[in-house]
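Below is one structure; the comments refer to it alone.
The values are calculated or read from the model by the stated rules, or taken from the named source; none is laboratory data. Just so it is clear, the model here is predicted, and its values are computed rather than measured. Neighbour counts are summed over all protein chains in view; Cβ atoms, including those assigned to glycine, are modelled from backbone coordinates with ideal geometry.
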Amino acid sequence: MTTKLSTVISAAAATAMVFAIPTAAQAQYRQTISNNPAKCQSGGGKPAVWITINNVSASRGTLRVQSYRGTSADWLKKGRWLSRIELPARAGQMNVCMPVPEAGTYAIAIRHDLNGNGDTDLREDGGGMSNNPSINIFNLGKPSHTKTAFSVGNGVKSITINMRYW
């Protein structure tokens with residue numbers, strides 16, 4: 001009887017470990033963080049992306065900046081963003097510091113929700129992506145990861161994203 005109980009407990013523990021693995025892996029995704037420029041300026045040796053955002057059309061609404069791994073499995077896939085920074089839009093140029101988990105390949109997507117309703121309003125809202133790829137009817141505003149991906153080393157990578165409004 002003791003052996004059977006021990007076997008059941010061991011099996012339950014093993015099952016719990018199997019189900020715990022995806023939870024730990026998912027923790028790397030969907031982190032909402034604040035914009036902290038000091039993390040890009042301190043030279044602390046941690047990987048990050050210093051993003052200069054040009055052509056923000058108005059000082060209203062919200063900018064949502066999201067980082068993704070620069071892979072086809074993650075780029076622009078629902079729930080596969082790594083970190084998100086939301087901040088009030090300011091017309092003209094803005095800067096955002098986006099820490100990344102480690103050196104590697106990443107891509108950035110930005111959406112300007114002009115009326116702050118949380119929806120993408122194609123006639124009003126704007127957007128931009130790392131490497132400023134062409135956005136047209138053929139790629140439905142979703143260029144491939146190969147057009148947007150860039151490498152980040154152990155320090156800070158500077159990029160510029162030009163906003164576009166439809």
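When the residues of the stretch 63-117 are filtered to those that are aromatic (Phe, Trp, Tyr) and in a loop (DSSP other than H, G, I, E, B), the one that is nearest to the chain's Cα centre (by Cα) is 81. Hey, does the stretch 15-27 have a residue that's closer than 30 Å to residue 127 by Cβ, under 20 Å from the mean Cα position of the chain (by Cα), surrounded by 10 or more Cβ atoms within 10 Å (Cβ to Cβ) and modelled with pLDDT under 95? Checked the stretch 15-27: at least one residue is closer than 30 Å to residue 127 by Cβ, under 20 Å from the mean Cα position of the chain (by Cα), surrounded by 10 or more Cβ atoms within 10 Å (Cβ to Cβ) and modelled with pLDDT under 95. The single condition among (1) modelled with pLDDT of 85 or more; (2) farther than 19 Å from residue 160 by Cα that residue 97 does not meet is (2). Taking every residue in the stretch 101-120 that is farther than 10 Å from residue 61 by Cα and pairing it with any residue that is exposed (fewer than 12 other Cβ atoms within 10 Å of the Cβ), at least 6 positions away or on another chain, the pairs with Cβ-Cβ distances below 6 Å are 103/153; 103/154; 105/151. Condition check: surrounded by 16 or more Cβ atoms within 10 Å (Cβ to Cβ), of a type outside the set (Gly, Ala, Ser), in contact (Cβ under 8 Å) with a residue 60 or more places away in the chain and over 21 Å from residue 142 (Cβ atoms). Does residue 56 satisfy that? Yes; evaluated as a whole, the condition is true for this residue. Among the residues of the stretch 34-71, those identified as modelled with pLDDT under 95 and more than 16 Å from residue 159 (Cα to Cα) are 36, 38, 42, 43, 44, 45, 46. Selection of first residues in the stretch 28-44 that are within 10 Å of residue 84 (Cα to Cα) and surrounded by 13 or more Cβ atoms within 10 Å (Cβ to Cβ) and of second residues that are at pLDDT 90 or above and among the hydroxyl-bearing types (Ser, Thr, Tyr), restricted to Cβ pairs under 7 Å at least 6 apart or on distinct chains, gives the following pairs, ordered by first then second residue: 31/83; 33/83.
One residue is enough: does the stretch 119-135 have a residue meeting the conditions surrounded by 12 or more Cβ atoms within 10 Å (Cβ to Cβ), within 15 Å of the chain's Cα centre (by Cα) and under 24 Å from residue 45 (Cβ atoms)? Checked the stretch 119-135: at least one residue is surrounded by 12 or more Cβ atoms within 10 Å (Cβ to Cβ), within 15 Å of the chain's Cα centre (by Cα) and under 24 Å from residue 45 (Cβ atoms).
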